[in-house]
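Here the structure is laid out as structure tokens; the discussion comes afterwards.
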Amino acid sequence: MENHPTPLLQIHNLLLYFRTTHGVVQAVDHVDIALDYHHAVVILGESGCGKSSLARAILRLLPRNVAEYKGEVILEGNDVMKYEEEEFRQSIRWVAMSLVPQAAMNSLNPVIKVGDQVAEPSMVHLGTSKAEALDQAKSMFERVSVPIDFLQRYPFELSGGMRQRVALAMALVTMPHLIILDEPTSALDLLTQANIFNTLKVIKHEMGISFILITHDIATSSELADEVAVMYAGQIVEASDAPHFFTEPLHPYSQMLMASVPRLRSDQDPIFIHGQPPSLISPPTGCRFAERCPKVFERCKQEPPVVQSNGILVKCWLYC
Amino acid sequence: MDNPIPNSVMDIPSVNPPTGGEDSEVILSVNGLHVWFELRRFGFGVAGYVRAVDDVSFDLKKGEAIAIVGESGCGKSSLMKTILGLYKPTKGDVTFEGKSVQQLSGRDLQWYRSQVGYVQQDPYGALPPFMSVERILAEPLIISGIHNSEKRREQIRKVMEEVKLYPVEDFLPKFPHMLSGGQQQRVVIARAMIRNPKLIVADEPVSMLDASVRVEILRLLRSLQQRHNLSFIYITHDLSTVKYFSERIFVMYAGKLVEKAKINELIQNPLHPYTQALLSASSDPDYHNATKFREVPAGEPPSLVKPPAGCRFHPRCNRAIADLCEVEAPPEFTPQPTHSTLCWLYR
Ligand SMILES: Nc1ncnc2c1ncn2[C@@H]1O[C@H](COP(=O)(O)OP(=O)(O)OP(=O)(O)O)[C@@H](O)[C@H]1O
Ligand SMILES: Nc1ncnc2c1ncn2[C@@H]1O[C@H](COP(=O)(O)OP(=O)(O)OP(=O)(O)O)[C@@H](O)[C@H]1O
Ligand code: SF4
Ligand SMILES: [Mg+2]
Ligand SMILES: [Mg+2]
């Protein structure tokens, strides 16, 4: 494997706010993430905490009602936030990083054969000829274990699991360095899910692709994670390596989240977290988890800094 | 368990049970149940059947909680809806306290509906969007003929406290969209509980909820079940939640119950190759997972229109016995008294 002087991706202070009639939604609020080549980072968090918005912010796939969008997205040493849209489209989106969107299996075009849909990104973004692009589509189908004769089928002729694999093939076909997977298996059955994770592991090891895996499912996230970033109410509250995170998470929210997972192989009773995450329109000042935190104390009324302990980043006063 | 609460927690004018119901331990009995949906040809005639439930039998005792686990489309909801009397069986029957559910009509059917609470799949679609919580909970009482609004309100208050929707006054006027997913699911549960049923059927009650809330709702259901000695059918695709909830578990594959066991038996000693696959596909959070492959059969569950001959799992089974499994459907084998399976390996 080649040696890389800089990490694949460094995100600093990324921020994406939306304008709504009720006020400004602070969906992504000063997020930092770093990711190495050939690695996978999991973004873990509950519904509405800003995971999909973070994916949009990284890939600059913005809705119309953006109130504020800024920060640094440094990909292979270049801050691509500074790129003009045209340059970003030509050299970054789909080319260097691509996305398998949330509910991708239901967002394929119903009237175009799946083979043609998978071929499209390389034709559009890399200017590949149609014949060559179809050839690539074919080899991607093999990669993701979709039978070759399915190239000629329409999405409705495929099961959910197969359509999800097709969406993955589409993200792979341009051979990007990084793929963002937004809840790739949440709607799928257990066995299908396990099969797809097997496929992702092969792709990661054999093609050397890095992943940002977005999910609320802690157990399956451990199937791919080298690193874990926990998101709560628009912010990253802990960034850790998988061995530490899955054995000893630091942030009280991470700890409770971990303890809430029902386990097949142990008799430990799962716990639950009282209450709900705060509104992102006027989030509380101070620690955003304070209201639900069993360890809350006086200082938590102020915004906690991000502190580092043994390479793990945690945004909590307990570690100051 | 805390002190048993008298049978009637909520003051419901009792609709009398149909006469002749025997007082056995078994409350619900499903016998050779088949639920097939007709596939109509364009024009006329029947082109085939979706065999959503195919020869399913089991007994449920008073106060017992069972779980039915299976993947999408295996027939779980069809089975439940037939138990609830919403679908007619193609063959076989369901009896509740000794009475055939399919034969009930008029007042008897109304009585049955009051005895069975239903927590349906998808809380977001379960609640009528233009009704307040109070109205949603009043509806079943009005149907039961409780016309005194003061009395209704009292019962609504009681049930809301049971599902921990308090302060009650705050929630009464709210509409579903003003509630979090977990709160909506509490309303659905309250609605299922309000007529003081003996049996609760919960179809994927937590699959749409966040992990941190899921356990809370399951605990709530479990405590209601134990407190009122309810019989309970919990339907799920999530094996890891089952053991916190029920005594027995049935595994469903392609319209059939392929394994029935006590929870611990099933987890420690799964018999059917499909159950074994389900167990090895379930992960617990563990960083070692990232460096291992999961041994799972490839492929997908079969079409229920033309299911495979013989054992329905045989095309995906790595232990299939040649000239047997693909030819003849396995009958139920019972290697241990409380543990049975539809698999030729145990012949
Ligand atoms: N275009 C938009 N305009 C206004 N608000 C938005 C927009 N997109 C998302 N939001 C809000 O931003 C917050 C974060 O949403 P996001 O979709 O990123 O969450 P998520 O973590 O992906 O949730 P889920 O797990 O349910 O997919 C939510 O409160 C959501 O309602
Ligand atoms: N009313 C109906 N008419 C025709 N086919 C139906 C009907 N209801 C269900 N089916 C079919 O019967 C099969 C079993 O469906 P069912 O909803 O019972 O599965 P399930 O196990 O509840 O799935 P899920 O986990 O997705 O809820 C499916 O193939 C479904 O398409
Ligand atoms: S009956 Fe045969 S094919 Fe079916 S599960 Fe058992 S061994 Fe496998
Ligand atoms: Mg999302
Ligand atoms: Mg169902």
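General remarks:
- Restricting the range B:203-214 to residues that are in contact (Cβ under 8 Å) with a residue 12 or more places away in the chain and part of a helix (DSSP H, G or I) leaves a set whose member that is most open to solvent (accessible area, probe 1.4 Å) is B:214.
- Single unsatisfied condition, residue A:184 versus (1) assigned to a loop (DSSP other than H, G, I, E, B); (2) touching a helix residue (DSSP H, G or I) at 6+ places or on another chain (Cβ under 9 Å); (3) within 11 Å of chain B (Cβ to nearest Cβ): (3)
- Check on residue B:266, within 14 Å of chain A (Cβ to nearest Cβ) and in contact (Cβ under 8 Å) with a residue 60 or more places away in the chain: yes
- Restricting attention to the range B:301-326, the residues being aliphatic (A, V, I, L, M) and within 26 Å of residue B:39 (Cβ to Cβ) number 3.
- Test result for residue A:246, touching an Asp or Glu at 6+ places or on another chain (Cβ under 9 Å), among the hydrophobic types (A, V, I, L, M, F, W, C) and either in contact (Cβ under 8 Å) with a residue 24 or more places away in the chain or more than 7 Å from chain B (Cβ to nearest Cβ) (or both): yes
- The listed residues are B:303, B:223, and the only one of them that is open to solvent by 20 Å² or more (accessible area, probe 1.4 Å), more than 9 Å from chain A (Cβ to nearest Cβ) and farther than 23 Å from residue B:73 by Cα turns out to be B:223.
- Residue in the range A:198-219 that is surrounded by the fewest Cβ atoms within 10 Å (Cβ to Cβ), counting only those that are more than 7 Å from chain B (Cβ to nearest Cβ) and in a helix (DSSP H, G or I): A:206
- Of the residues B:56, B:69, B:101, the single one that is touching a strand residue (DSSP E or B) at 6+ places or on another chain (Cβ under 7 Å), aliphatic (A, V, I, L, M), buried (at least 19 other Cβ atoms within 10 Å of the Cβ) and within 14 Å of chain A (Cβ to nearest Cβ) is B:69.
- The set of residues in the range B:308-327 that are surrounded by fewer than 17 Cβ atoms within 10 Å (Cβ to Cβ) and within 16 Å of ligand 2 (Cβ to nearest atom) contains only B:308.
- Each residue in the range B:116-164 was checked for being open to solvent by 50 Å² or more (accessible area, probe 1.4 Å), under 24 Å from residue B:80 (Cβ atoms) and in a helix (DSSP H, G or I), and 4 pass.
- Screening residue A:191 with (1) of a type in the set (A, V, I, L, M, F, W, C); (2) more than 14 Å from chain B (Cβ to nearest Cβ); (3) surrounded by 23 or more Cβ atoms within 10 Å (Cβ to Cβ) gives one miss only, at (2).
- On the stretch given as the range B:185-244, residues that are at pLDDT 90 or above and within 16 Å of ligand 1 (Cβ to nearest atom) total 0.
- Filter pass, residue A:98 being outside any helix (DSSP H, G or I), away from chain B (no Cβ under 14 Å) and small (Gly, Ala, Ser): yes
- Residue count for the range A:31-62, restricted to those that are farther than 16 Å from residue A:97 by Cβ, modelled with pLDDT under 95 and open to solvent by 30 Å² or more (accessible area, probe 1.4 Å): 2
- Index of the failed condition, residue A:269 passing every other in (1) part of a loop (DSSP other than H, G, I, E, B); (2) touching a residue at least 24 places away in the same chain (Cβ under 8 Å); (3) under 20 Å from residue B:239 (Cβ atoms): (2)
- Residue check, residue A:108 within 14 Å of chain B (Cβ to nearest Cβ), touching a Lys or Arg at 6+ places or on another chain (Cβ under 9 Å) and away from ligand 2 (no atom under 16 Å from the Cβ): no
- The C-beta contact set for the range B:130-149 (first residue farther than 13 Å from residue B:110 by Cβ, second residue loosely packed, with under 14 Cβ neighbours inside 10 Å, distance under 6 angstrom, 6+ apart or interchain) comprises B:132/B:173.
- Candidate set from the range B:65-88 (those that are in a strand (DSSP E or B) and closer than 26 Å to residue A:160 by Cα); member that is farthest from ligand 2 (Cβ to nearest atom): B:67
- Residue within the range B:314-324 that is within 14 Å of chain A (Cβ to nearest Cβ), touching a Gly at 6+ places or on another chain (Cβ under 7 Å) and more than 16 Å from residue B:54 (Cβ to Cβ) present: yes
- The set of residues from the range B:34-64 being among the aliphatic types (A, V, I, L, M), modelled with pLDDT of 95 or more and more than 11 Å from ligand 2 (Cβ to nearest atom) comprises B:56, B:60.
- Count of the range B:261-272 residues which are surrounded by fewer than 23 Cβ atoms within 10 Å (Cβ to Cβ) and assigned to a strand (DSSP E or B): 1
- Some residue of the range B:236-251 being more than 13 Å from chain A (Cβ to nearest Cβ), on the phi < 0 side of the Ramachandran plot, buried (at least 17 other Cβ atoms within 10 Å of the Cβ) and not polar (S, T, N, Q): yes
- Condition met for residue A:185 (within 30 Å of residue A:315 (Cα to Cα) and more than 16 Å from ligand 2 (Cβ to nearest atom)): no
- In the set (1) touching a residue at least 12 places away in the same chain (Cβ under 8 Å); (2) surrounded by 19 or more Cβ atoms within 10 Å (Cβ to Cβ), the condition left unmet by residue B:283 is number (1).
- Of all residues making up the range B:294-342, the number that are part of a loop (DSSP other than H, G, I, E, B), more than 23 Å from residue B:47 (Cα to Cα) and in contact with a strand residue (DSSP E or B) (Cβ under 7 Å, 6 or more places away or on another chain): 4
The values are calculated or read from the model by the stated rules, or taken from the named source; none is laboratory data. Just so it is clear, the model here is predicted, and its values are computed rather than measured. FYI the Cβ positions are ideal-geometry reconstructions off the backbone, even for glycines, and counts take in every protein chain you see. Accessible surface is based on the protein model in full, side chains and every heavy atom, while ligands, DNA and RNA are left aside. Shrake-Rupley method; radii C 1.70, N 1.55, O 1.52, S 1.80 Å.
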